[in-house]
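**Q** Okay, here's the structure, questions in a sec.
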Amino acid sequence: MAPRYLARAALAGLASVALLGSAACGSGFDDDSSGGAQQSSGPANLQILIGSSGDAETKAVQDAAAKWASSSGNQATVTPAQDLVQQLGQALAGGTPPDVFYVDASRFADYASVGALEPYGDKISNPDDFHQSLRDAFSYDGKFYCAPKDFSTLALQINTDLWAKAGLTDADVPTTWDQLTATSQKIKAKGLVPLALGDTRDRIGAFMVQNGGWLISKDGKQPTADTPENVEALTYVKKLLTDGYARYPKQLDAGWSGEAFGKGKAVMTIEGNWIKGALQNDFPNVKYKVVELPAGPKGKGTLSFTNCWGIAAKSKFKEQAIKFVEAMTAGEQQMTFAKAFGVMPSRQSVQAQYTGEFPADKPFIDGAAYAQGPVNAPKMDSVLGDLDAGLQALTGGDPKKVLANFDSNAKAALGG
């Protein structure tokens, strides 16, 4: 089964359109005329909607919420969504949102741009303790909106048995693009597929970051895809594909790269730390190690994936909701979550504790220092979908045209 981040794009749809449309046609979510007054003190009955990765996460969050409720004198009901984007979009559009909810970084700007979120981020104690790349992911118009719940980054996984079969040693572990090419040549010469590579911007985008590029400006206002840096990055990826050094999952009869890697159809892959659980469940006999992604001409680069604890702008219990998030993002609680369902803490202060507990995950944690979050701009679903279609046809396509097409579409979506 594909990990949760792979299915993200498929969750966009009518609910999001309804959310944006209702804000555009009415007074938006900043208008509190439809609801009651804020209840800043006294017991609250918090409604919390989460997009759970499974039973382990649901139980861990419910247990943590019950502990907070008991100690604070409040009530907190945690509900795992069947379809978070749809249910949240409908609740926001209908004016009856949960008080607290998960917000994926790829959807954050849609909600922030229409006033659906309370910008409380700097009210959490020690907000600078959150990794800067995560703070950036949840900032809009200069405001830090919501506390990052946890995060993942991409790294390089190596099947150690196949590595040895190809006659490779630790000296062949690639740390640059040139070394990745050289190592791939050796692997291909042994009749093996060097790299299983996901066919969307959520994997290929890392190469752009490694060459000093990205798809959109830091403030989310201007597309920046059609640049020499990005063209060079996509040209390199295209050459990996055309030379047979990389293969997309569908070329390897797999639903995603982790499956291809687990089946032994490629020696290496580029995935996030969710691959650990997937391999344990589906391919427990695969032996592998994790290293940081090879650096590009402009240095190291990876992508991050994260959720924040969103608080509804229309919640009657904002102060209590902030205290709830404070408890959920405390270092000790983040480590409890990490042990329960495999996420990485968003606070830097527990980084050493996490890597001590999970030393094999250090390359993922180290990536936080140079990670790029998802495109942080509203109304980009179809634009990003079109980009992915271009990347999926990259072998026979023109990298510059793919990137120029993105810029053109993005300008239209952003009103530029």
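The values are calculated or read from the model by the stated rules, or taken from the named source; none is laboratory data. Being a predicted model, the structure only gives us computed values, none of them experimental. No Cβ is skipped: glycine too gets one built from the backbone with ideal geometry, and neighbour counts run over all protein chains shown. What goes into the accessible areas is simple: the full protein's heavy atoms, side chains included, and nothing from ligands, DNA or RNA. Shrake-Rupley method; radii C 1.70, N 1.55, O 1.52, S 1.80 Å.
**Q** Ser408 accessible area, nearest 10 Å², 1.4 Å probe?
**A** 70
**Q** From Cα pairs below 8 angstrom and at least 6 apart in sequence, can you work out the relative contact order of the chain, rounded to a whole percent?
**A** Working: 766 pairs, mean separation 108.9, N = 416.
RCO, the chain: 26 percent.
**Q** For Cα pairs less than 8 Å apart in space and 6+ apart in sequence, what is the mean separation divided by the residue count of the range 277-416, i.e. the relative contact order in percent?
**A** 25
**Q** Just tell me which aspartates and glutamates come within less than 12 Å, Cα to Cα, of Lys186; anything on the same chain fewer than 8 places away is out.
**A** Those aspartates and glutamates meeting the cut-off are Asp172.
**Q** Right, something else. Could you point to the residue in Trp214, Ala109, Phe130 farthest towards the positive end of the range 89-228's charge dipole, with +1 and -1 charges on the Cβ of Lys/Arg and Asp/Glu respectively?
**A** It is Trp214, whose Cα lies furthest towards the positive end.
**Q** Now, a different point. With the Cα gyration tensor of the range 200-332 giving a ≥ b ≥ c as the square roots of its eigenvalues, does the rule (a/c under 1.5 for rounded; else a/b larger than b/c for prolate; else oblate) give rounded, prolate or oblate?
**A** oblate
**Q** Rank these residues by their accessible area, most exposed first, probe 1.4 Å: Glu118, Glu57, Glu232. Write down the numbers at each step before the final one.
**A** Values: Glu118 35, Glu57 0, Glu232 95 Å².
From most exposed to least exposed: Glu232, Glu118, Glu57.
**Q** Using a Förster distance of 35 angstrom, determine the FRET efficiency expected from the C-beta separation of Asp253 and Lys411, and round it to 0.05.
**A** Taking R0 as 35 Å, the efficiency between Asp253 and Lys411 is 0.35.
**Q** For the range 87-96, just list the computed ³J(HN,Hα) in residue order, Karplus coefficients 6.51, -1.76 and 1.60, θ = phi - 60°, integers in Hz, with x standing in for Gly and Pro.
**A** 5, 5, x, 5, 5, 5, 5, x, x, 10
**Q** Accessible area per residue for the range 371-416 in Å², computed with a 1.4 Å probe and the full protein assembly in place, what is it?
**A** Normalised by residue count, the accessible surface of the range 371-416 is 43 Å².
**Q** If R0 is 35 Å, what FRET efficiency do you get for Thr242 and Asp83 from their C-beta distance, rounded to 0.05?
**A** So the FRET efficiency works out to roughly 0.35.
**Q** Here's another thing I want to ask about it. What spacing in nm lies between the two simple spin-label points modelled at Lys218 and Lys165, each 7 Å away from Cα in the Cβ direction?
**A** Taking the simple label geometry, Lys218 and Lys165 are separated by 4.6 nm.
**Q** May I pose another question? Measuring with a 1.4 Å probe in the full set of protein chains, what accessible area per residue, in whole Å², belongs to the range 233-351?
**A** 35
**Q** Where the accessible area of the range 175-292 is counted over protein heavy atoms with a 1.4 Å probe, how much of it, in %, is carbon and sulfur?
**A** After summing per-atom areas, the C and S share lands at 48 percent.
**Q** Can you tell me how much longer the chain between Asp178 and Asp282 gets when fully stretched, taken as 0.36 nm per residue apart minus their C-alpha distance, in nm with one decimal?
**A** The Asp178-Asp282 span can extend by a further 34.2 nm.
**Q** Suppose all protein chains stay in the model; what accessible area per residue would a 1.4 Å probe give for the range 72-174, in Å²?
**A** Accessible surface, normalised per residue, equals 35 Å².
**Q** Pop a pseudo-label 7 angstrom from the Cα along the beta-carbon direction at both Ala340 and Gln185 and give the gap in nm to one decimal.
**A** Each label point is offset 7 Å from its Cα along the Cβ direction, giving 5.1 nm.
**Q** Compute, for Lys165, the solvent-accessible surface of its heavy atoms (probe 1.4 Å) with the complete set of protein chains present, and express it in square angstrom to the nearest 10.
**A** Approximately 140 Å² of Lys165 is accessible to the 1.4 Å probe.
**Q** Further question: Just need the relative contact order of the range 208-268 here, percent rounded to a whole number, with Cα pairs under 8 Å and 6+ apart.
**A** Computed over the range 208-268, the figure is 19 percent.
**Q** With just the Cα atoms defining each centre, how far is the range 125-140 from the range 93-116? Give it in Å.
**A** About 18 Å separates the Cα centre of the range 125-140 from the one of the range 93-116.
**Q** With the cut-off at 1.5 for a/c, could you classify the range 167-246 from its C-alpha gyration tensor as rounded, prolate or oblate?
**A** Since a/c reaches 1.5 and a/b is larger than b/c, the shape of the range 167-246 is classed as prolate.
**Q** Tell me, how many Å apart are the Cα centres for the range 195-257 and for the range 388-410?
**A** If you average the Cα positions of each part, the centres end up 10 Å apart.
**Q** Ok, one more. Alpha carbon centre of the range 318-363 versus the range 50-80: separation in Å?
**A** 15
**Q** Looking at (1) 179; (2) 170; (3) 127, which value of volume of the Cα convex hull per residue in Å³ comes from a calculation on the structure shown?
**A** It is the one labelled (3).
**Q** Something else: How would the range 115-230 be classified by its alpha-carbon gyration tensor: rounded, prolate or oblate, with rounded meaning a/c under 1.5 and the a/b versus b/c comparison settling the rest?
**A** Because a/c hits 1.5 or more and a/b exceeds b/c, the range 115-230 counts as prolate.
**Q** Go through Lys239/Lys276; Lys218/Lys362; Lys263/Lys298; Lys238/Lys263; Lys59/Lys362 and tell me which ones have a Cα-Cα distance over 31 Å in this structure.
**A** Lys263/Lys298
**Q** Kindly rank 147-154, 213-220, 86-93 from highest to lowest mean number of other beta carbons found within 10 Å of each residue.
**A** On the way: 147-154: 26.5, 213-220: 18.6, 86-93: 22.1.
Most protected by this proxy first, the peptides run 147-154, 86-93, 213-220.
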